[in-house]
1. Go through SER169, SER157 for me and flag whichever is under 23 Å from TYR100 (Cβ atoms) and either among the polar types (S, T, N, Q) or not assigned by TED's automatic domain parsing to the domain that holds PRO106 (or both).
2. Yes or no: segment 172-181 includes at least one residue that is surrounded by 21 or more Cβ atoms within 10 Å (Cβ to Cβ) and either part of a strand (DSSP E or B) or modelled with pLDDT of 95 or more (or both).
3. Taking the criterion of being under 13 Å from the mean Cα position of the chain (by Cα), free of Cβ contacts under 8 Å to residues at least 40 places away in the same chain and either in the same structural domain as ARG148 (by TED's automatic domain parsing) or surrounded by 16 or more Cβ atoms within 10 Å (Cβ to Cβ) (or both), would at least one residue in segment 188-207 satisfy it?
4. Of everything in segment 157-187, what is in contact with a Gly (Cβ under 8 Å, 6 or more places away or on another chain) and in contact (Cβ under 8 Å) with a residue 40 or more places away in the chain? Give them in sequence order.
5. Across segment 61-120, what is the total count of residues that are among the small types (Gly, Ala, Ser) and within 30 Å of VAL24 (Cα to Cα)?
6. How many of the residues in segment 225-249 are closer than 14 Å to GLU215 by Cβ, over 12 Å from the mean Cα position of the chain (by Cα) and either of a type outside the set (A, V, I, L, M, F, W, C) or not in a loop (DSSP other than H, G, I, E, B) (or both)?
7. Out of ALA152, ALA119, I need the residue that is without any contact (Cβ under 8 Å) to a residue 60 or more places away in the chain and touching a helix residue (DSSP H, G or I) at 6+ places or on another chain (Cβ under 6 Å). Which one?
8. When ALA119 is evaluated against the numbered criteria (1) within 30 Å of the chain's Cα centre (by Cα); (2) among the hydrophobic types (A, V, I, L, M, F, W, C); (3) not in a loop (DSSP other than H, G, I, E, B), which criterion, by number, is the only one it fails?
Amino acid sequence: MIELRNINKSFTSGSKLIEAAKDVNLKIEDGEIFGIIGYSGAGKSTLVRCINLLERPTSGQVFFDDIELTALKPSQLRKERENIGMIFQQFNLFPSRTVYQNVAYPLKHSGLSKKDKKAKIEDLLKLVELDNKTKAYPSQLSGGQKQRVAIARALASNPKILLCDEATSSLDPQTTHSILNLLKSLNKKLGITIILITHEMNVIKEICDRVAVMENGSVVESGDVFTIFASPIQPITKEFIDTTSNLSKIHQLIEEEAAITKIQPGECIVKFKYLIRSSSEALVSTISQLYHIDVNIIFGNVELIGSEPLGGLVSILSGKSEDIEGALEYLRNKNVGVEVILDARNI
């Protein structure tokens, strides 16, 4: 549905040239929830604004439903923009207008009769579960309710795509979860394509089908969310994933010389991580029986990415060195990521 070809966007700040987007190529499919993640200044918000040409690329092409937006006249672009809704971190509601009036605003020149307009607004507010707040003003709403109003307003023109620029960044975790659930529901009910900009990997994990990781204006890694979480390649991607898992804490515990990490000669601390869409095999008991080793699990992390389990364990292995090595090779052949964190087998 959306294709970005060789997108570059640069600004000048005084005498300094800032390259916010550098040779970005992306394809976003119809009906998917696509995440773009990066730290502040990575260029992700600039890139999403290039999609609807709120920011015009310095060079490159933007295609929407096989129409090149970057080649359209202003009047043609305005018409195509009706198919692209957008919500923001700060909601951007009219403070002096009621919830009903905020949602009604995009319908001003829709050509709908007063009756049809009223029915549409009521349907939209029911869809976002705010049909009891029609007469309330933004100042009377919570952050989550404000974002629901913004979503209803963005949907008023029946867009095919919804751009979400840090839409949950100013919300608490519980409200973030409810907004993400709403977006997921809208994606299923309406078939709307959602492009989500965020700096939080938990948001990507909870809602997205695919993700692109940005750093210094470039997309450094992209793919389906499960694969990215199971086998990250770039250091920045690993950093983001570490924020969602406790497995990386083993390094800190070793550095602090925590009692749980004290191992005896002949032992080693190993991190196991599932790399395929299955963590249902009894691998720990299997290697213990096959190779006559003891596996002492320090801690673990198993979670769902979409509907697929993904997890890992940090364990202390005890036994003969050759048996431990055999067990580790067995796990590698089972597509389990194996990382020896601390090794006392040669002591």
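1. That would be SER157, the only listed residue that is under 23 Å from TYR100 (Cβ atoms) and either among the polar types (S, T, N, Q) or not assigned by TED's automatic domain parsing to the domain that holds PRO106 (or both).
2. no
3. yes
4. If the condition is that a residue be in contact with a Gly (Cβ under 8 Å, 6 or more places away or on another chain) and in contact (Cβ under 8 Å) with a residue 40 or more places away in the chain, then SER157, PRO159, ILE161, LEU162, LEU163, SER170, ASN187 are the ones that fit.
5. The number of residues fulfilling the criteria is 3.
6. Total meeting the criteria: 6.
7. From the options ALA152, ALA119, the qualifying one is ALA152.
8. ALA119 satisfies all of (1) within 30 Å of the chain's Cα centre (by Cα); (2) among the hydrophobic types (A, V, I, L, M, F, W, C); (3) not in a loop (DSSP other than H, G, I, E, B) except (1).
The values are calculated or read from the model by the stated rules, or taken from the named source; none is laboratory data. Please read these numbers as outputs of a predicted model, since none were measured by experiment. No Cβ is skipped: glycine too gets one built from the backbone with ideal geometry, and neighbour counts run over all protein chains shown.
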